[in-house]
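The values are calculated or read from the model by the stated rules, or taken from the named source; none is laboratory data. Remember, predicted model here, so these are calculated numbers, not experimental data. So basically every Cβ, Gly included, is an ideal-geometry build from the backbone, and we count neighbours across all protein chains shown. In case anyone asks, the SASA skips ligands and DNA or RNA and just uses the protein heavy atoms, side chains included. Shrake-Rupley method; radii C 1.70, N 1.55, O 1.52, S 1.80 Å.
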Amino acid sequence: MFKNKIGLHPITFLRITGIIDGISLLVLLGIAMPLKYWADMPFAVTLAGSLHGGIFIAYLLSILYSQIRIQWNVGWSLLAVLVAFIPFGNFIYDGWLKKYQSSYSVKSFNKIWVVYAIIMFTFIDLFTQLPVMSTYATSLGASVMIAGFIVGMYSMTNTLGNILSGVFTDRFGPFIVLSIGLFMTSCSLLLYNLITDVPGLIIVRFFHGFLGGLIVPAAFTYLANQTKSKKQGSQSAVTGSFIGLAAICGPAYSGIMA
């Protein structure tokens, strides 16, 4: 069986992070929460919750790495995410992984997974900012109505970017549009450092949403072009799974950093 350069099977990474995640969940539920409610120590939940959140993100990344390198049925990756929310679930799942690990060999890296990662991180970009954007806007002096407008500005201009991305993709090809979209979105993210008032935030949200809208349609088109017609259903399922992971990781990361 082929192994990676550091001698560890991808499932080994998954098992290690899974066990640590399972332990951190038990500490949070069995120690930190009783300390908060019975001993009036709310800081215990803050500390344990933050650590658990960081460990959970590492666990999700190990699931992603395993999916890429061993290319098993995506259902096992989804199950790995599900058991993380069940006390002792990680330990039961680890027993299954230990039993069947030897039957999964490491596959060569497929560059199409880079596109999946691009899609996931594009949605993480969105989901990370959603929980904190209204609070950030009001901290700059925005009213509740304007804060809501600022949150919705991204989606509004993102739709315009999606439309133009489709037009440009048909004309210039998905790779060019995807590359330009990634570069320009990265530049728009840097503009957040320059914000000092509400009008500046509105302008940055406008460009961020618009430029981010160029990425996803081009990425989906690129995937469709690279996937055989008989496997496009599976490809759509994998894409949806990455978006789902982004919906989980984004808010969790946002809360930890906040």
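Structural remarks
- Test: residue in the stretch 134-144 that is under 23 Å from the mean Cα position of the chain (by Cα) and either of a type in the set (Gly, Ala, Ser) or open to solvent by less than 60 Å² (accessible area, probe 1.4 Å) (or both): yes
- Restricting 51, 97, 78, 47 to residues that are within 18 Å of residue 247 (Cβ to Cβ) and either open to solvent by 40 Å² or more (accessible area, probe 1.4 Å) or assigned to a helix (DSSP H, G or I) (or both) narrows the list to 78.
- Residue within the stretch 117-129 that is open to solvent by 30 Å² or more (accessible area, probe 1.4 Å) and outside any helix (DSSP H, G or I) present: no
- Only one entry in 40, 21 is at pLDDT 95 or above and among the acidic types (Asp, Glu), namely 21.
- Filter result for residue 254 (crowded, with 17+ Cβ neighbours inside 10 Å, hydroxyl-bearing (Ser, Thr, Tyr) and out of contact with any His (no Cβ under 8 Å at 6 or more places or on another chain)): yes
- Close contacts from the stretch 107-128, counting a first residue that is over 17 Å from residue 256 (Cβ atoms) and of a type in the set (Gly, Ala, Ser) and a second that is open to solvent by less than 30 Å² (accessible area, probe 1.4 Å) and in a helix (DSSP H, G or I), with Cβ to Cβ under 9 Å and a gap of 6+ residues or different chains, come to 117/64; 117/68; 117/242.
- Matching entry among 211, 223, 164, 189 (being open to solvent by less than 20 Å² (accessible area, probe 1.4 Å) and either of a type in the set (A, V, I, L, M) or not in a helix (DSSP H, G or I) (or both)): 223
- Selection status of residue 222, within 24 Å of residue 60 (Cα to Cα) and either at pLDDT 90 or above or of a type in the set (Phe, Trp, Tyr) (or both): no
- Single condition residue 42 does not satisfy, out of (1) free of Cβ contacts under 8 Å to residues at least 40 places away in the same chain; (2) of a type outside the set (Gly, Ala, Ser); (3) in contact with a Lys or Arg (Cβ under 6 Å, 6 or more places away or on another chain); (4) surrounded by 14 or more Cβ atoms within 10 Å (Cβ to Cβ): (4)
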